[in-house]
Structures are given as structure tokens and as C-alpha cells.
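Step one of this worksheet: look at the structure below.
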Amino acid sequence: MSDFNPFEVARKQIDECAEILKLDSSIHEVLKNPMRELHVSLPIRMDNGEVHVFKGFRIQYNDARGPAKGGIRFHPEETIDTVRALACWMTWKCALADIPLGGGKGGIICNPKEMSQAELERLSRAYIGEIYRFIGPRMDVPAPDVYTNPQIMAWMMDEYSKIVGGHQFGVITGKPLCVGGSRGRGDATARGGMYTIREAAKVCNIDLEKATIAVQGYGNAGYFAAKLAKTFFGSKIVAVSDSKGGIYSSKGIDPDAAMEHKSKTRSVVGLPGTESVSNEELLELEVDVLIPAALENVITEKNAKNIKAKIVAELANGPTTPEADVILNKNGIHLIPDFLCNAGGVIVSYFEMIQNSSMYYWEEKEVYERLDKKITAAYQSVLESSKKYNINMRQAAYVVAVERVVEAMKTRGWV
Ligand code: NAD
């Protein structure tokens with residue numbers, strides 16, 4: 001997985017899109033580079049008394065359409081190019097979802113699995129202490145991502161509020177409900193993904209009630225995907241996995257039992273009544289829908305030809321390499337590209353920003369209905385663009401998003 005540079009992938013995708021849209025070379029150049037990057041060093045006193053210096057980043061990739069928006073990842077293998085790629089994809093995701101926000105992303109190189117809660121809190125607050133001038137409700141609004149959670153968002157919001165004064169709930173989203181979170185944010189990414197799978201199944205003539213599904217990754221995105229696919233559609237979840245490996249059962253896996261097992265043992269592996277599969281094998285299973293919901297670059301030119309799913313719904317960011325894209329497309333697999341499939345999180349984050357600024361909080365039903373409307377419209381615009389230009393779904397998503405960003409840059413007089 002780590003042989004690939006996700007930012008090179010993101011840039012290749014821009015090149016392809018620039019060619020389809022015949023973009024002017026100066027516009028193309030702007031789109032290929034992040035507008036702003038902040039690199040910080042964070043000295044943290046660990047519980048054993050020693051000081052460890054962590055490296056962190058925050059990137060605002062392109063904010064022509066509004067304040068930057070994007071998660072913060074805590075990961076031991078975080079790299080600046082991963083953060084650049086993710087900030088870039090956020091730009092396209094917000095534009096495609098047609099919400100008035102630009103693209104950003106942040107990260108800290110750390111291993112939260114080896115840190116105490118107190119160390120994580122000190123690290124979260126120190127990060128905000130270094131980046132607070134760079135963020136804000138009208139500038140850049142972070143959110144949770146891999147290995148960060150609502151508690152971490154609450155600490156960060158609290159630290160920002162202490163530094164700038166007042167109750168700054170709108171500085172960050174994905175917060176707990178009691179401090180300005182939105183109802184429906186917890187499972188929004190997976191829920192949005194389900195709405196896109198529902199639309200894709202109509203196009204592919206798949207009866208989701210009889211469908212089999214495999215999910216790679218069992219965190220926020222993956223767990224809720226498995227749970228909602230079962231409750232929404234009655235589909236059978238035949239395989240799920242996490243960083244320690246995967247499990248398979250032709251009879252179907254109960255998503256809650258798998259989560260309970262993971263909470264007790266730190267992995268889904270070993271759930272009674274299931275057999276083990278590797279993460280690689282899971283991707284190649286004979287299923288109707290494959291949902292990569294873990295990390296980048298897992299579907300490559302090496303394994304793409306072995307993928308048997310009819311729909312690949314990319315809940316993770318960047319799970320498929322451009323070379324693999326070509327193979328999936330050639331094999332007639334309907335791909336729901338990442339920044340469409342996983343846009344539910346950022347759409348509900350945007351709803352959270354609206355609720356924070358108005359100080360009026362919506363019922364769950366209202367959040368779900370508005371999410372469905374926004375993401376279904378995005379799916380349809382991608383499908384239409386793919387037919388109009390005779391291009392694949394990822395290229396079509398790029399075309400729709402890039403056209404919107406370029407229109408804003410031109411209208412603002414940037415290019
Ligand atoms: P998470 O930290 O909650 O879960 C990550 C899961 O992936 C864990 O179960 C972990 O064990 C598993 N994992 C890690 N390495 C793996 C490997 N090599 N093979 C298989 N599984 C592995 O993270 P998340 O929030 O669920 O994010 C997952 C993906 O979804 C990421 O690509 C993220 O960028 C994307 N995403 C998440 C959200 C969101 O709102 N949570 C929104 C948009 C996109």
C-alpha cells in the first residue's frame with residue numbers, strides 16, 4: 001500500500017480531467033497545487049515525564065467556493081503528501097456536493113493506540129494552539145477523520161474558544177451533541193454512501209434485498225456501512241475486516257455482534273461462526289457490492305482484475321489507483337467514486353456549521369432528508385456527466401466538481 005504516493009494519484013486525476021475539459025494551462029497549474037500549507041512541531045509532555053515532539057500539518061487546498069473544510073487524521077504513517085491528496089479530494093467533494101466550502105485537511109504523525117487519553121488531549125490542544133490563526137468558522141473548519149473522534153473535536157473546539165474568546169462551536173464539526181454537534185453526524189458518511197448505493201443499484205439492476213456485501217475497514221465508516229446496509233436494504237453482509245484481518249460467513253454477519261467482538265478483542269477477527277479472510281482476499285470475494293472503508297491504494301493494478309463485485313462503493317478516500325480504475329471500468333464494474341460516495345460526512349458537517357451559526361438544532365429526520373436530497377442530486381449529476389462525455393464515473397465526478405471550482409475561481413478573478 002505504501003509504495004504509492006496518494007498526491008501523485010490526485011494530480012494524475014486532475015491531469016485527466018484537465019484534458020477532458022480542455023482546461024487552460026494556468027488554471028490546470030493552480031488546481032495541481034495546494035494554496036496554503038502549515039507545518040507545525042508539537043512538543044508534548046508524555047505521561048512518563050519525557051517530552052516527545054510530534055509533527056502536524058494543516059492544508060487549505062483550494063477555497064474558491066468558501067471556507068476550507070476537511071478532517072484531521074492521527075496516524076503513525078501520516079505523510080504530507082497524504083494530507084495534500086486528501087485536502088485536494090475535499091475540494092472536489094465539497095464542490096460535487098454543491099456546498100459552499102473549499103477543501104482542507106490536517107494530520108498529526110502519532111499513534112493514538114499507544115497514547116493515553118491525557119496525552120491525546122494535550123496533543124489535540126497543542127495542535128490548535130499552533131494552527132488557531134489559520135482556522136476559523138469563516139476560514140477553515142476541521143472535522144474528525146482516521147483515528148480522531150468527537151471527544152478530540154470537543155477538546156479542539158474548547159481550546160480554540162479559550163484562545164480567541166467566546167463559544168466558538170462553529171470552528172470544528174463532528175462534535176458531541178452536547179457541545180454543538182449535529183444529530184445524524186455519527187453515521188452520516190456511511191448513510192450518504194447508502195443513498196448512493198441505492199441509486200447505483202437502480203442503474204445496475206441489483207435487488208439490494210438479495211445482495212451480498214463485503215466491507216473493508218470497521219471503523220466509523222465501515223461499521224455503519226455494514227449496519228445500515230442490513231437495516232436499509234436487508235442486504236447480507238458476508239465479510240468485514242479491520243487492520244488485523246477479516247472475517248467471512250456465507251450466512252451473513254451481524255454487524256453489531258462484529259462490533260461487540262471488536263470492542264472486546266480490538267478486532268473483528270475470531271467472531272464465532274465466521275472464518276478468517278485476509279484483507280486482500282476480502283476485496284476479491286464474489287459479492288454484489290464491495291465497500292472499501294479503510295485506507296488508500298488497496299485496489300491496484302495487481303488485484304483489480306480479480307474484483308468480482310458489480311458495484312464498488314468507495315467509502316474510504318483514494319482506495320483505487322488510476323491503473324486499477326481503468327481495469328474496473330473495462331470489466332464493467334460500476335464505481336461510486338470516493339468523493340461522491342463518502343460525501344455524507346461533509347454534507348452533515350456543513351449542516352452542523354449552519355446549526356452552530358443559527359444556534360438552532362434540527363431533528364434527525366430533517367438531517368437525513370436534506371442529506372438524501374443533496375447526495376442523490378450529486379450522484380445524478382455525476383451519472384449525467386458520465387453519459388454526456390462518455391467517461392467513467394470518477395472522471396465524471398471530477399468534471400462536475402472541477403467545473404464548479406474553476407467557475408468560482410474565474411468569477412472571483414483569480415484566474
Ligand atoms: P476509523 O479510524 O474509524 O476506522 C478505520 C478502520 O480501518 C479501522 O477499523 C481500522 O482497523 C481499519 N484499518 C486500518 N488499516 C487497515 C488495513 N490495512 N486494512 C483493513 N482495515 C484497516 O476511520 P474512518 O473514519 O472509518 O475512515 C475510514 C476511511 O473513510 C478513510 O479513508 C477516511 O478518510 C474515510 N472517510 C471517513 C469519513 C468519516 O466521517 N468518518 C468521512 C469521509 C471519508
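Some notes on this structure:
- Available extension along the chain between His167 and Lys202 is 8.1 nm, counting 0.36 nm per residue and deducting the alpha carbon span.
- Over the stretch 178-337, relative contact order from alpha-carbon pairs under 8 Å, at least 6 apart, %: 22 percent
- Separation of alpha-carbon centers, the stretch 45-76 and the stretch 342-407, rounded to whole Å: 25 Å
- DSSP-loop trypsin sites (Lys or Arg not before Pro) across the stretch 125-158, with at most 14 other Cβ within 10 angstrom: Arg138
- Built amide H within the under 5 Å cut-off of Asn62, gap 5+: Met35, Gly103
- In this simple spin-label model, placing a label point 7 Å from the Cα along the Cα-to-Cβ direction at both Tyr389 and Asn331 gives a separation of 2.5 nm.
- The Stokes-Einstein estimate for the stretch 34-167, based on a Kirkwood radius over Cα pairs and taken at 10 °C with 1.306 mPa s viscosity, is a diffusion coefficient of 107 µm²/s.
- Relative contact order computed over the chain (Cα-Cα under 8 Å; 6+ residues apart), in percent: 16 percent
- In this structure, the residue pairs whose Cα-Cα separation is over 23 Å, taken from Lys22/Lys93; Lys105/Lys308; Lys105/Lys330; Lys202/Lys387; Lys227/Lys310, are Lys105/Lys308; Lys105/Lys330.
- Inter-label distance, nm, simple model (7 Å from Cα along the C-beta direction), His52/Glu130: 1.4 nm
- Label zone at Glu114 (point 7 Å along Cα-to-Cβ), backbone N below 14 Å, the stretch 57-93: 75-78
- Under conditions of 20 °C and 1.002 mPa s, the chain yields 100 µm² s⁻¹ as its translational diffusion coefficient, taking Rh as the Kirkwood radius over Cα pairs in the Stokes-Einstein equation.
- Model label zone, Asn306; criterion: amide N under 15 Å from point 7 Å along Cα-to-beta-carbon; scope the stretch 238-282: 246, 277-282
- Efficiency of FRET from Cβ geometry, Lys210 and Glu275, R₀ 30 Å, rounded to 0.05: 0.85
- Chymotrypsin sites (Phe, Trp or Tyr not before Pro) lying in DSSP loop within the stretch 326-413, provided at most 13 other Cβ fall within 10 Å: Tyr360
- Between Cys178 and Arg412, full extension at 0.36 nm per residue minus the direct alpha carbon distance yields a gain of 80.4 nm.
- FRET efficiency, 1/(1 + (r/R0)^6) with R0 56 Å, evaluated for Glu8 and Glu369 via beta carbons: 0.90
- Computed in the context of the full set of protein chains, the accessible area of the chain at 1.4 Å probe radius has 50% of its extent on carbon or sulfur.
- Near Asn33, once Lys and Arg are set to +1 and Asp and Glu to -1 for all other residues with Cβ below 12 Å from its Cβ, the sum equals +2.
- Its relative contact order, with pairs defined as Cα atoms under 8 Å and 6+ residues apart, puts the stretch 276-415 at 17 percent.
- Within the chain, longest stretch clear of exposed GluC sites (Glu not before Pro) (DSSP loop, no more than 15 other Cβ within 10 Å): 78-285
- Paramagnetic reach from Ser358 in the stretch 370-412 [backbone N under 13 Å; point 7 Å along Cα→Cβ]: 370
- For Glu296, no residue has an amide H sitting under 5 Å from its own, ignoring neighbours fewer than 5 places away on the same chain, with H placed 1.01 Å from N.
The values are calculated or read from the model by the stated rules, or taken from the named source; none is laboratory data. Here the structure is a predicted model, which is why all the values come from computation and not from measurement. Using ideal geometry, Cβ is built from the backbone for each residue, glycine included, and neighbour counts are taken over all protein chains shown. Side chains are part of the model used for accessible areas, which takes the heavy atoms of the whole protein and leaves out ligands, DNA and RNA. Shrake-Rupley method; radii C 1.70, N 1.55, O 1.52, S 1.80 Å.
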